[in-house]
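To keep things clear, I will list the structure first and then write my remarks on it.
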Amino acid sequence: MEETYEFTKEDLKEIEAIKAKFPEVMPATLPTLWVAQRRFGHVEPPVQRLVAETLDLPESHVHGVATFYTQYYKEQKGKYVLDVCTTTSCQLCGGYKMLHYLEDKLGIKAGETTEDGMFSIQSVECLGACGYAPMMQITNDVYVNNLTEEKLDEVIDSLKEGKMPEFESVGMPLLENINNK
Amino acid sequence: MASDWKSFEPILIPDIPNLDKIDVYIKNGGYKALENVVKGDEWTPESVVDEVKEANIRGRGGAGFNAGLKWSFMPPADGGPRYLACNGDESEPGTFKDRKIFEYNPHIFIEGALIAAYAMKVTTIFVYIRGEYYSWIKMMEKALQDARDKGFIGKNLFGTDYSVEFEVTEGAGAYICGEETAMLESLEGKRGYPRVKPPFPAQKGLWGRPTTINNIETLANVPGVINNGTAWFKNIGAETHPGPVLYGISGHVNRPGVYELPSGVPVMELINDIAQGIRGGKKLKGLIPGGSSTPILRADQLEGVSMDADSLREAGSMMGTAGMIVMDEDTDMVDALWRISHFYKHESCGQCTPCRDGTGWLEKILLKIKNGEGEIRDLDLLLDVTTQMEGRTICALADAAAWPVRHTINRFRDEFEARCKKSVHAVA
Ligand SMILES: Cc1cc2nc3c(=O)[nH]c(=O)nc-3n(C[C@H](O)[C@H](O)[C@H](O)COP(=O)(O)O)c2cc1C
Ligand code: SF4
Ligand code: FES
């Protein structure tokens, strides 16, 4: 049987607030898909249908949008999705090494999910954190910078306990430190 | 002068604790420029456009176009809606600067966008931020709410008849949505397919209405120009490309990061003094100066080159986003170029054949060479494909994919040839 999905009252309120930002309803498509994915963990076709019905837009439109953007999960993923950046700056600084370390550690390849449904690994394109390479993002949320094998061990341990890492503020380097180096 | 960077005081992200808090920003003179422009008798929308045009703030999103000149393309107001779409997509590999503004000084951007909106008689501003920047989207939403609560956004600013709305919208993972017309499509809730131009966004932008697109850092430069005048701005950094620049330095350097300095700082000073040299005492091999689409320069091409549009053009590259990717002597250029080509292949929206097929071919041939299966004639095939991609497509992604291939092969040809196997085909 196909699972049924429903938005909560709060979700619907959030969706109304989103619609109010725009002169028409179509621009609410991306943000409403986000509301749905944060609620259900993915936007498989039944969820796309729910979004289409809620916004009164054609299902084909919502499907077209969902499939264009890489961050929407068109199929179910692990509880924690580890997006390891392997684009140029990260590649230069060991991004693939970090990716392969994770693959070995969790016994899966990029694109796969562990059997217990805890972790998925993805190799992704530049996340805009090139100065803090190598880095990864966890489930479209927190960035983890300057990865090392030790740091990955720690992050995986804490995720297993259900703890997301905190937001890391990197700070702006100050000129005075440079002048007095 | 460019070499004055040692005494430069940051303007976009000054070292003031908690500047992201609106009260701290106001205490440090924030929103005064907006108030003067909207409320005072000194300014009219037209004079603001002229002032910004004269200051020559060149777009920091990659193309380097004069912001005020772009604003002047907006048609006369007809009473209908008009839009400013602020580009916070920041997806060009090597670029990680706009998020610093969101995090450390969001109000300088908000104030700049509001001044721009007033100058162009805009009714609604949108800031489009890439979906991966979830944490920074939250920061921007908070900053905008604070500005709204203080009356800087909304109906009748400063008791005048000027009203403006300002909303955050988010992407969901697609580099192409940084291209301005793809961003408009995405904002309208669709797949991010770039539009054919003309019509240009100033004529038909969001929902067919006049729209201007500017980068976040570009707009953050506006309050300074209003407060201090064009002479002040034009005195900072390089003559034809003035103002502060957020340099993002990544790759094999000891201290990567985003540094705010005047435009036109010598490249070698950025690498050696500011980023404190190459890791492990290694030698420099090459530099991508402004995001992955800008042509790579060999170490021996960098002497006397500074980070501004003219100097980089003379050297054979471009300023782009000032996202500098530094490569040391051990860098495998074949691997590096293959990865860049993989990026553009992944991100092509597929509308135009030269781009959809071309990016695929570039990646495939480079993978073959990387795996030791390539032949010398594949290098010429690669160069031929780039020629067939450039200038033949709806947007500039195809060019962005072609340039690195053409220039990396030409500038490091030996390394590519060494990786090719001996030809098995008889030459006719
Ligand atoms: C493929 C492609 C990707 C782009 N990505 C970005 C981006 O992420 N951020 C940005 O500000 N401009 C990006 N641009 C440039 C924009 O199209 C546009 O020129 C810019 O946002 C205008 O702002 P500016 O004049 O203030 O620089 C991109 C252009 C192309 C062709
Ligand atoms: S050039 Fe490439 S990315 Fe741009 S519109 Fe054409 S296919 Fe899409
Ligand atoms: S290259 Fe990895 S974050 Fe930019």
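List of remarks:
- Remark: mean inter-chain Cβ contacts per residue of A:118-129 equal 5, using a 10 Å Cβ-Cβ cutoff to other protein chain atoms.
- Prolate/oblate/rounded call for segment B:110-158, Cα gyration tensor, a/c under 1.5 rounded: oblate
- The count of lysine pairs in segment A:32-139 that are at least 8 places apart or cross chains, and whose C-alpha atoms lie under 22 Å apart, stands at 7.
- If you run the Gaussian network model on chain B, springs between alpha carbon atoms under 10 Å, then out of B:Gly178, B:Gly59, B:Gly159 the most flexible one is B:Gly159.
- Cα centre as origin, Lys/Arg/Asp/Glu Cβ charges: segment A:1-51 dipole, Debye: 200
- Euclidean distance of C-alpha centroids, segment B:118-178 and segment B:360-428, integer Å: 43
- In segment B:339-387, Cα pairs under 8 Å separated by at least six residues give a relative contact order of 31 percent.
- Shielding by partners, peptide A:88-99 (average Cβ within 10 angstrom, other chains): 6
- Excluding ligands, DNA and RNA, the accessible surface per residue across segment B:153-210 is 37 Å² with a 1.4 Å probe.
- Residues B:Thr353 and A:Lys105, FRET efficiency given R0 of 51 Å [Cβ-Cβ distance, rounded to 0.05]: 0.75
- Segment A:54-109 and segment B:282-346 have Cα centres spaced 27 Å apart.
- For the options A:Glu75, A:Glu24, A:Glu16, a Gaussian network treatment of chain A with springs between C-alpha atoms closer than 10 Å singles out A:Glu24 as fluctuating the most.
- For the peptide B:336-343, the mean number of other protein chain Cβ atoms found within 10 angstrom of a residue's Cβ is 4.
- DSSP bridge orientation in the protein assembly as shown - percent antiparallel, rounded to nearest 5: 45
- For the protein assembly as shown, adding -39500 (n - 2.57) for each run of n ≥ 4 DSSP H residues and dividing by the number of residues yields -12000 deg cm²/dmol at 222 nm.
- Looking at segment B:42-102, the accessible area is 33 square angstrom per residue; that uses a 1.4 Å probe and ignores ligands, DNA and RNA.
- Area hidden from solvent between B and A (accessible, protein heavy atoms only, 1.4 Å, total, Å²): 5000
- For segment B:224-322, relative contact order (Cα pairs under 8 Å, six or more residues apart, normalised by length) works out to 23 percent.
- Debye, to nearest 20: dipole size of segment B:324-379, +1 on Lys, Arg Cβ, -1 on Asp, Glu Cβ: 380
- Looking at segment B:180-328, the DSSP beta bridges with both ends there are about 80 percent antiparallel.
- Projecting the Cα atoms of B:Gly62, B:Gly40, B:Tyr25 onto the charge dipole of segment B:22-71, computed from C-beta unit charges around the Cα centre, puts B:Gly62 farthest toward the positive end.
- Considering every alpha-carbon pair of the protein assembly as shown, the percent of pairs per 20 Å bin, from zero through the bin containing the longest distance, is 20, 55, 24, 1, 0.
- The relative contact order of segment A:1-138 comes to 21 percent, based on Cα pairs under 8 Å that sit 6 or more residues apart.
- Rounded to the nearest 20, the size of the Cβ-charge dipole of the protein assembly as shown about its Cα centre is 760 debye, with Lys and Arg at +1 and Asp and Glu at -1.
- Distance-filtered residues of segment A:137-162 - backbone nitrogen under 11 Å, label point 7 angstrom along B:Lys138 Cα→Cβ: A:141-143
- Dipole of segment A:1-93 [Lys/Arg +1, Asp/Glu -1 at C-beta], most positive-end residue of A:Cys85, A:Pro45, A:Tyr5: A:Cys85
- Legend: translational diffusion of chain B by Stokes-Einstein, Rh = Kirkwood radius over C-alpha pairs, 10 °C, 1.306 mPa s; D = 71 µm²/s.
- GNM flexibility winner over chain B from B:Tyr175, B:Tyr247, B:Tyr133 (Cα, springs under 10 Å): B:Tyr133
- Gyration tensor (alpha-carbon) shape descriptor, segment B:60-199, a/c threshold 1.5: oblate
- Residues in segment B:166-171 carry Karplus couplings, in order, of 8, 10, 8, 10, 10, x Hz; the curve used is 6.51 cos²θ - 1.76 cosθ + 1.60 with θ = phi - 60°, and Gly or Pro positions show x.
- Whether segment B:242-288 is rounded, prolate or oblate, judged on the alpha carbon gyration tensor where a/c under 1.5 counts as rounded: prolate
- Going from the isolated chain to the complete set of protein chains, segment B:195-218 loses at least 30 Å² of heavy-atom accessible area (1.4 Å probe) at B:Trp207.
- Cα centroid of segment B:5-22 to Cα centroid of segment B:194-224, whole Å: 28
- Förster-model FRET efficiency, 45 Å R0, B:Leu367 and B:Asp41, C-beta, rounded to 0.05: 0.10
- On chain B, 50 percent of the accessible area sits on carbon and sulfur atoms, based on a 1.4 Å probe.
- Accessible surface of segment A:1-159 [probe 1.4 Å, protein heavy atoms]: carbon and sulfur percent: 48
- Note on segment A:48-181: along the principal axes its Cα atoms extend 61, 36, 27 Å, ordered by decreasing extent.
- Considering only B:Leu383, B:Thr230, B:Tyr134, and ranking their Cα positions along the charge dipole of the protein assembly as shown that arises from unit charges at the beta-carbon of Lys, Arg, Asp and Glu, the one farthest toward the positive end is B:Leu383.
- For the set B:His342, B:His241, A:His63, solvent exposure ranked by accessible area (probe 1.4 Å, protein chains only) runs largest to smallest as A:His63, B:His342, B:His241.
- Averaged over residues, the count of other Cβ atoms within 10 Å places the peptides A:152-158, B:182-188 in the sequence B:182-188, A:152-158, highest first.
The values are calculated or read from the model by the stated rules, or taken from the named source; none is laboratory data. Computed from a prediction, not measured in an experiment: that's the story for all the values here. So basically every Cβ, Gly included, is an ideal-geometry build from the backbone, and we count neighbours across all protein chains shown. Side chains are part of the model used for accessible areas, which takes the heavy atoms of the whole protein and leaves out ligands, DNA and RNA. Shrake-Rupley method; radii C 1.70, N 1.55, O 1.52, S 1.80 Å.
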